[in-house]
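Input: one structure, supplied below.
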Amino acid sequence: MATRYFLRQVVDGSDSCVEIERAAYTELRIADGHFEHVLSVEDKYDVTIQNYLEFETSIVQEAVRELIDPGPRERFDQLRRLLARRLSNVLSSARLYLDTLKHHSREILADDPMRLERVEAAPSSQYDSCREYRVAEALRNYAQHRALPVHGLIGPATDVVLSMRRDFFVEPYVDPDELRKDGYFKAQVLEELPSDGEVVKLKPILRAYIDAICQIHDAFRRETRSKLEMAAEFLEAARDRFGERYPSEHTHFLGALIEDESGMCSDVVYIDAQLLKLVRYLHSDRPSMENLRHRRIEY
């Protein structure tokens with residue numbers, strides 16, 4: 001008995017199946033693989049954005065704390081270490097996202113070299129055009145091999161001349177002079193930083209970096225969308241084909257599978273589960289990160 005391919009659903013002891021062609025199963029398997037690669041990219045992107053949100057939120061929370069309860073300088077040093085940890089999390093998760101993006105893109109766009117080239121070119125384009133992107137990448141290497149990526153904090157408050165007003169803020173920074181003394185920070189990027197004793201504020205650096213990551217991700221979404229829409233069509237067609245044979249059955253547990261010569265089944269693609277996730281993904285409302293580098297929080 002030769003290998004056969006089926007759409008099968010087993011519910012409450014009943015076994016409903018429709019035999020399909022090998023080519024149809026292969027299409028479903030490829031669609032399933034494309035979707036899993038996309039979800040992996042999306043997971044790593046989301047972790048990066050959530051880490052960035054924690055970094056910004058920690059800054060705002062401490063500014064509010066100082067507003068109502070100014071603390072000793074020791075507390076500020078604790079905050080510096082906290083923000084260094086938050087920043088390291090952002091940079092590390094962004095690196096994971098960027099390092100694996102090429103692999104996932106090649107799996108999805110293996111037969112579409114022009115689209116693949118546009119995705120692969122996106123990180124290099126951001127590196128070449130965005131100084132903050134270059135600084136963040138160099139800072140990640142520095143943080144992994146040499147020291148914490150936050151050297152100090154500006155704040156917590158300033159008096160406004162001729163006014164009772166006081167502005168409370170927290171501004172983490174990195175000191176280029178300290179980087180030069182260390183000698184490890186990437187030399188070409190270091191040349192772009194101030195050399196007159198001025199520090200580099202990290203909030204604008206990180207906002208521009210995340211903005212650049214978002215533009216890279218937009219390119220990935222744009223170039224892979226047609227593949228996902230095609231995957232949805234294959235899954236939907238399989239469900240419709242099963243429904244024509246069993247019109248009264250739901251397809252909650254419908255799978256496409258291989259049955260070998262001994263009758264053993266393997267390599268199941270769960271049609272309805274994957275289709276539901278895919279449709280939700282394609283129609284989800286994602287927050288716009290466009291021009292993040294130009295946004296400010298007024299408090």
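Just to verify a number: what accessible area does C17 come out at with the full protein assembly present, 1.4 Å probe, Å² rounded to tens?
Ignoring ligands and nucleic acids, C17 comes out at about 40 Å².
Something else about it: What FRET efficiency do you get for S40 and D196 if R0 is 45 Å and r is their Cβ-Cβ distance, rounded to the nearest 0.05?
0.50
In what order, largest first, do L148, L202 sit by accessible area if the probe radius is 1.4 Å?
The ordering from most to least exposed comes out as L148, L202.
At a probe size of 1.4 Å, how large is the accessible area of H104, to the nearest 10 Å²?
20 Å²
Of all trypsin sites (Lys or Arg not before Pro) in the stretch 190-299, which ones are in loop regions per DSSP and have a Cβ with at most 16 other Cβ atoms within 10 Å?
Sparse-neighbourhood loop trypsin sites (Lys or Arg not before Pro): R295, R296.
Follow-up question, since we're still on this one. Ordering Y281, Y173, Y184 by accessible area with a probe of 1.4 Å, largest first, what comes out?
Y184, Y173, Y281
Then there's this: After finding the eigenvalues of the alpha carbon gyration tensor for the chain, what semi-axes result from the square roots of 5 times each, listed largest first in whole Å?
51, 22, 16
Also, I was wondering about something else. Tell me which GluC sites (Glu not before Pro) from the stretch 15-73 have a DSSP coil assignment and no more than 10 other beta carbons within 10 Å of their own.
Of the GluC sites (Glu not before Pro), the ones in loops of the stretch 15-73 whose Cβ has at most 10 other Cβ atoms within 10 Å are E21.
Next question, about the same structure. R180 versus A110, label points 7 Å from Cα toward the beta carbon: distance in nm?
5.1 nm
Just subtract the alpha-carbon distance of R225 and V279 from 0.36 nm times their residue separation and send over the number in nm, one decimal.
Stretched out fully, the R225 to V279 stretch lengthens by 18.3 nm.
Let me ask something else. Given R₀ = 51 Å, what would the calculated FRET efficiency be for R22 paired with S124, taking r from the Cβ atoms and rounding to 0.05?
Between R22 and S124 the formula returns 0.80.
Suppose each label sits 7 Å from its Cα in the direction of the beta carbon; what would the Q61-S262 distance come out to in nanometres?
In this crude label model, Q61 to S262 measures out at 5.5 nm.
Now, a different point. Take the alpha carbon gyration tensor of the stretch 1-135, find the square roots of its eigenvalues, order them as a ≥ b ≥ c, and report rounded if a/c is under 1.5; if not, report prolate when a/b exceeds b/c, else oblate. Before the final figure, lay out each step's value.
On the way: a/c = 5.18, a/b = 2.03, b/c = 2.55.
Because a/c hits 1.5 or more and a/b fails to exceed b/c, the stretch 1-135 counts as oblate.
Taking a threshold of 24 Å on the Cα-Cα distance, which of the pairs K44/K203; K102/K227; K44/K277; K102/K203; K181/K201; K44/K201 fall above it?
K102/K203; K44/K201
Run the simple label-point estimate for E74 and D15 please: 7 Å along Cα→C-beta, distance reported in nm.
Using points 7 Å along Cα→Cβ, the separation is 7.1 nm.
What whole-number value in Å² describes the accessible area per residue of the chain for a 1.4 Å probe?
Heavy-atom SASA per residue in the chain reads 55 Å².
Here's another thing I want to ask about it. When the accessible area of the stretch 83-130 is split by element with a 1.4 Å probe, what percent falls to carbon and sulfur?
Ligands and nucleic acids excluded, carbon and sulfur reach 48 percent.
Mind pulling the angle between the C-alpha long axis of helix 22-68 and the longest principal axis of the chain? Nearest 10 degrees, somewhere in 0 to 90.
The helix 22-68 is inclined about 20 degrees to the chain.
May I pose another question? Would you rank I297, I210 by solvent-accessible area, highest first, keeping every protein chain in place and using a 1.4 Å probe?
I297, I210
The values are calculated or read from the model by the stated rules, or taken from the named source; none is laboratory data. Not measured: the values here are computed from a predicted model. We place every Cβ from the backbone using ideal geometry, glycine too, and count neighbours over all the protein chains shown. SASA here: full protein model, heavy atoms, side chains in, ligands and nucleic acids out. Shrake-Rupley method; radii C 1.70, N 1.55, O 1.52, S 1.80 Å.
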